[in-house]
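Inspection log for the structure reproduced underneath, given as structure tokens.
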Ligand code: PPS
């Protein structure tokens with residue numbers, strides 16, 4: 001069924017509403033399966049890819065999938081969309097219509113036959129299931145500067161019918177500053193994971209801006225963290241495959257196979273840039289955001305680049 005008709009069918013259900021879940025703004029699609037999420041049986045070699053939404057999850061997921069399986073299982077990249085290769089742990093969207101169901105994250109992860117399993121999460125660090133800590137799993141956290149992150153999230157909420165209605169840009173940045181976006185405040189998310197890294201050594205903390213600046217160098221950091229030996233040639237070939245334009249054109253990476261997203265409103269692979277916030281923030285919005293940012297981040301040593 002075409003996307004437009006499918007979305008119309010969903011209309012009576014409407015967009016999900018935010019509610020407080022253990023101190024974090026959430027929607028039911030990420031809490032309905034909570035018991036199974038909390039009790040998820042992690043394995044020691046699982047690799048968790050954790051981010052605040054829109055920080056570069058898909059990019060790093062594709063890089064890791066290629067690093068691990070690109071050589072031995074090349075058909076994987078051409079037949080399975082990234083959300084099946086790298087299950088989204090906490091997602092549980094019920095069947096939308098007869099033709100369309102989205103995989104339940106924990107079920108998909110349980111069915112994965114790869115070793116290691118690559119698993120995606122947007123959970124703030126305090127909500128990560130205990131199994132991952134008990135098994136001492138390796139985790140790759142990707143953070144993106146707040147301004148570009150907010151812009152990307154705004155457009156995502158516009159086009160994704162299973163996200164809350166974002167409203168206009170001005171009201172959206174207010175919500176973003178208040179932490180009234182799904183998965184709660186960006187500020188707590190990035191600092192929470194940053195602090196955890198000080199005591200849990202199996203976290204690699206990466207920045208979207210660094211990936212844009214030098215993808216090859218960041219891939220080397222990933223390989224060294226994961227103990228992967230790859231040749232410069234292999235890394236170069238992977239780097240080519242995960243460039244923005246290549247991923248945008250690749251139906252197995254660009255989310256075009258997900259029926260709840262309306263690409264006529266905005267594509268999933270939108271711009272892929274550092275500094276697009278300048279096309280959205282007015283001078284007044286920027287000043288207010290900066291002032292609020294200073295307050296919220298004053299106790300953290302984390303530093304972001306809003307341009308490169
Ligand atoms: S999600 O829904 O949370 O999993 O989204 P996520 O993948 O974290 O973030 C989507 C944004 O990342 C950009 N992106 C990339 N940028 C540069 N290069 C590559 N290869 C790449 N892949 C994804 C994507 O375009 C979204 O950012 P915006 O700013 O909206 O374009």
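Can you quote the Å³ per residue value for the convex hull of the Cα atoms in the range 3-297, rounded to an integer?
Numbers: hull volume 38.8 nm³, N = 295.
About 132 Å³ per residue, rounded to a whole number.
Test of understanding: in a Gaussian network model of the chain with alpha carbons linked when under 10 Å, which of 170, 250, 145 would top the mean-square fluctuation ranking? Its mean-square fluctuation being the largest, the pick is 170.
Looking at the range 3-297, the DSSP beta bridges with both ends there are about 25 percent antiparallel. Taking the chain as a Gaussian network of alpha-carbon nodes connected by springs under 10 Å, the highest mean-square fluctuation of the residues 143, 284, 109 belongs to 284. Here the Kirkwood formula, the inverse mean of 1/r across different C-alpha pairs, assigns the range 230-308 a hydrodynamic radius of 16.1 Å.
Over the chain, Cα pairs under 8 Å with separation of 6+ residues give a relative contact order of 25 percent. Secondary-structure-derived ellipticity at 222 nm for the chain, considering helices only, amounts to -12000 deg cm²/dmol, per-run term -39500 (n - 2.57) for DSSP H runs with n ≥ 4.
Bear in mind these aren't lab numbers, they're just calculated from the coordinates by the rules spelled out. Everything numeric in this text was worked out from a predicted model, so none of it was measured.
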